[in-house]
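J.: One structure is given below, represented as structure tokens, and several questions about it will come after.
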Amino acid sequence: MRIELSVRDQLISTYGKQLAKLGHKADRALSRAMNHTGRKARTQVRRALVTQTGLARKTIVKAVREVRARPQSLSYTLRTSGGDISLKYFKPRETRAGVTAAPFGKRQLFAGTFVKGGRFPGRVTLNMGGHVYRNIEGGKWGGRVELVDSGVVIPEQLVTGATARSWEHLISSDLVPRVGHELKRILPK
């Protein structure tokens, strides 16, 4: 999944004469403006995703990658991929009733799940990578478990809610003035 920043008609109508005057140098100015604005938007998107998903910032930074604009391809893109994220990444805590974790930034109980083994209060850490599991046998130990996921999918969250709004707002407010700034740097005085 990705969100993309491309050259819009608004830029042509606002700066059409200057862009025509510059010729091939205009592409360089546009790519610089897009990269500058895109990096600012990337920061806002990452901040919004941290709040929206409940994931740690370092996880979001690792998951959301940029593809910068170049004069040959005037497109700035944020890319991410992946599926349903394990509860391991949402600060799980084990209780008698199950594991509590905070997907979407709200702590909730996942009844019948576990991270450790044995009887309370002498639980022992299992060598299972810190993941949260549930017995398949309906609460009775049968030796078979399944991994419990959170329901948070970063690609879906990237294009919805506060994250999408922060991207659109920053692009619409900052891109056109930044193009003007870059054109002033290149145009002869």
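J.: Which of Gly129, Gly54, Gly82 ends up with the largest GNM mean-square fluctuation for the chain, with Cα atoms connected below 10 Å?
T.: The residue that fluctuates most here is Gly129.
J.: Using Cα-only point scatterers and the Debye equation, what is log10 of I(q)/I(0) for the range 85-151 at each q in 0.12, 0.27 Å⁻¹, rounded to two decimals?
T.: -0.27, -1.33
J.: Given the options Lys91, Lys40, Lys62, which has the most mean-square fluctuation in a GNM of the chain, springs set between C-alpha atoms less than 10 angstrom apart?
T.: Looking only at Lys91, Lys40, Lys62, the biggest GNM fluctuation is shown by Lys62.
J.: Then there is this: What pairs from Lys58/Lys106; Lys21/Lys62; Lys25/Lys58 go past 30 Å between their alpha carbons?
T.: Lys21/Lys62; Lys25/Lys58
J.: Using +1 at the Cβ of each Lys and Arg and -1 at the Cβ of each Asp and Glu in the range 41-189, identify which of Ser166, Val132, Val179 lies farthest towards the dipole's positive end.
T.: With unit charges placed on the Cβ atoms, the residue in question is Val179.
J.: Full extension from Thr160 to Thr14: what is 0.36 nm times the residue separation minus their Cα-Cα distance, to one decimal in nm?
T.: Taking Thr160 through Thr14 to full extension adds about 49.6 nm, to one decimal.
J.: Right, another one. Specify, per residue and in Å³, the volume enclosed by the convex hull of the alpha carbon atoms belonging to the chain.
T.: 123 Å³
Laboratory data are not the source of any read-out in this text; all were calculated from the coordinates shown. Given the structure is predicted, the values throughout are model-derived calculations rather than measurements. Every residue, glycine among them, receives a Cβ derived from its backbone with ideal geometry; neighbour counts consider all protein chains shown.
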